[in-house]
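Following: one structure in structure tokens, then a few remarks.
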Amino acid sequence: MHELSIVTSIVESVTESLTAYPGARVLEVRLRVGALASVVPESLEFCYPIAAEGTPLEGSRLVVNVLPVVMHCAPCGQDVELEGVQSFRCPHCGEPCTQMRQGREMEIESYEIDELPKSELPNDEAEVKI
Amino acid sequence: MSTRIVELRRGILKKNDELAAGLRASYTAAGVLTLNLVSSPGTGKTAFLERTLRELRARGSRVAALVGDLETDNDARRLAASGAPVRQINTHGICHLDAEMIGRHLDGWQEVALGGIPLGGLDYLFIENVGNLVCPSSYDLGEAIRVAMLSVTEGEDKPLKYPTLFNSADAAVITKIDLAEPCGFDRETALGNINEIRPGIRIFETSAKTGAGMEAWFTYLAEERASPSRY
């Protein structure tokens, strides 16, 4: 149950980044969370409005994209996706896998904003127009 | 008004991870091996650590401990009876320790400093986390070794129920093996489950009460501390 402190960190990070977009309102925040990250997407979504209240993120959606665990299988010589987190064996050859390639991520991927007219915006490189 | 997507690509726990990296560098510089002990409440972390501190001191090692609990300094008082420097961290409701709490409690701790080097007076620093098998797994404390602990009274499937913690551990300790028989503990199943989640992990089967299995644990600690790859 550390989801509230996690969503609070999310709100802080996005608010900090938002200083580049004065007056913008956040519509959506997208996360990438590994299947082994120890957070429950539903709990994040439940806590999010509490942390977002009174900030430019209030009223926005939180979208949690859960990433499967990917291990490297040495005998097969390739990265393999696990079906669950109950066994760390290669689904092809059955050998135990110890090298994790993906699964513990906890990252804010992007956020979507409603912005002011372009003439009022500062320059920013890390943006994608849609 | 128009809509745009801003790519952020930022770790949610970036601040903790940065603080932990700083702590890791200071442990390494001071030559102290730091361990983070994680288990459910009631596994016996404190009893295991009491015995560890006492015996390591008897062998001439310089040891200290930080111990996390929501409330009370009961554990710190128990551990301090070993003669080792101990500090209690009260989280007041927070379910895990984080790197900021560790840094704050290490700052200015004169008993573990040597020649002006923070932690320079230590061989081993033990961090006893808040009893919880979920949240502590997300928070790096800069430790060299994360120890997942499980008692024979808890059920052999605990590693399957809490795979995140067991998969992120560097060593596993089974406690209270003196109670294995009356509890009907199925040793093979427990070892098999730990290996299913963390293949090849070192496992220690111990009793803080009788001392069984502690010798192998002390040998492991000495080897890890001496390992040149650590520093």
Item to check | Listed residues B:THR28, B:THR219, B:THR91, most fluctuating in chain B (Gaussian network, C-alpha, under 10 Å) | outcome: B:THR219
Checklist entry - Near the amide H of A:GLY103, under 5 Å away, which other amide H atoms are found, from residues 5 or more places off or on another chain, if H is placed in the peptide plane? => result A:VAL70
Next on the checklist: As an exercise, find the ratio Rg/Rh for region B:14-226 from alpha-carbon atoms, using the Kirkwood inverse-distance average for Rh.
Outcome noted: 0.94
Checklist outcome for this item: Normalised per residue, the volume inside the convex hull of the alpha-carbon atoms of region B:1-57 in Å³ amounts to 130 Å³
Item to check | Equivalent ellipsoid dimensions for the protein assembly as shown as semi-axes, Å, which come from the Cα gyration tensor, largest first | outcome: 40, 26, 18
Next on the checklist: Let's see if you can work this out: charge +1 on each Lys and Arg Cβ, -1 on each Asp and Glu Cβ, no other charges. What is the dipole magnitude of region A:32-86 about its Cα centre, in debye to the nearest 20?
Outcome noted: 100 debye
Checklist entry - For B:ASN129, what is the net charge nearby, where nearby means another residue's Cβ is under 13 Å from its Cβ and Lys, Arg count +1, Asp, Glu -1? => result -4
Item to check | Summed side-chain charge close to A:SER110 - residues other than A:SER110 whose Cβ falls under 9 Å, Lys, Arg +1, Asp, Glu -1 | outcome: -2
Item to check | FRET efficiency, 1/(1 + (r/R0)^6) with R0 22 Å, evaluated for B:GLU100 and A:ILE50 via beta carbons | outcome: 0.50
Checklist entry - By counting other Cβ atoms within 10 Å of each Cβ, how are B:LYS176, B:LYS209 ranked from fewest to most? => result B:LYS209, B:LYS176
Item to check | Cβ-placed point charges (K, R +1; D, E -1), dipole of chain B about Cα centre in debye, nearest 20 | outcome: 500 debye
Checklist entry - Out of region A:1-90, which GluC sites (Glu not before Pro) are coil in DSSP terms and have no more than 16 other C-beta atoms within 10 Å? => result A:GLU53, A:GLU58, A:GLU83
Next on the checklist: I'm a student and want to see the number: the projected area of the Cα convex hull of region B:102-169, averaged over all directions, in nm².
Outcome noted: 5.6 nm²
Checklist entry - How high is the relative contact order of region B:80-174, in percent, with contacts defined as C-alpha pairs under 8 Å that are six or more residues apart? => result 25 percent
Checklist entry - Do any GluC sites (Glu not before Pro) in region B:68-116 lie in a DSSP loop with no more than 10 other beta carbon atoms within 10 Å, and if so, which? => result B:GLU71
Checklist entry - What is the sum of charges around A:GLY59, taking Lys and Arg as +1, Asp and Glu as -1, for the other residues whose C-beta is under 15 Å from the C-beta of A:GLY59? => result -4
Checklist entry - So how tilted is helix A:3-17 from the main axis of chain A? Cα-based, degrees 0 to 90, rounded to 10. => result 50 degrees
Checklist outcome for this item: Sorted by chain and then number, the residues having a modelled amide H within less than 5 Å of the amide H of A:GLU58, at least 5 places away or on another chain, are none
Next on the checklist: Roughly how far apart, in whole Å, are the Cα centres of region B:139-169 and region B:1-79?
Outcome noted: 14 Å
Next on the checklist: Looking at the protein assembly as shown only, what percent of DSSP beta bridges run antiparallel? Nearest 5 please.
Outcome noted: 45 percent
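Bear in mind that the values in this text are calculations on the coordinates, not laboratory data. Source: prediction; values computed, not measured. Reconstructed Cβ throughout: ideal geometry from the backbone, glycine too, with neighbour counts over all protein chains shown.
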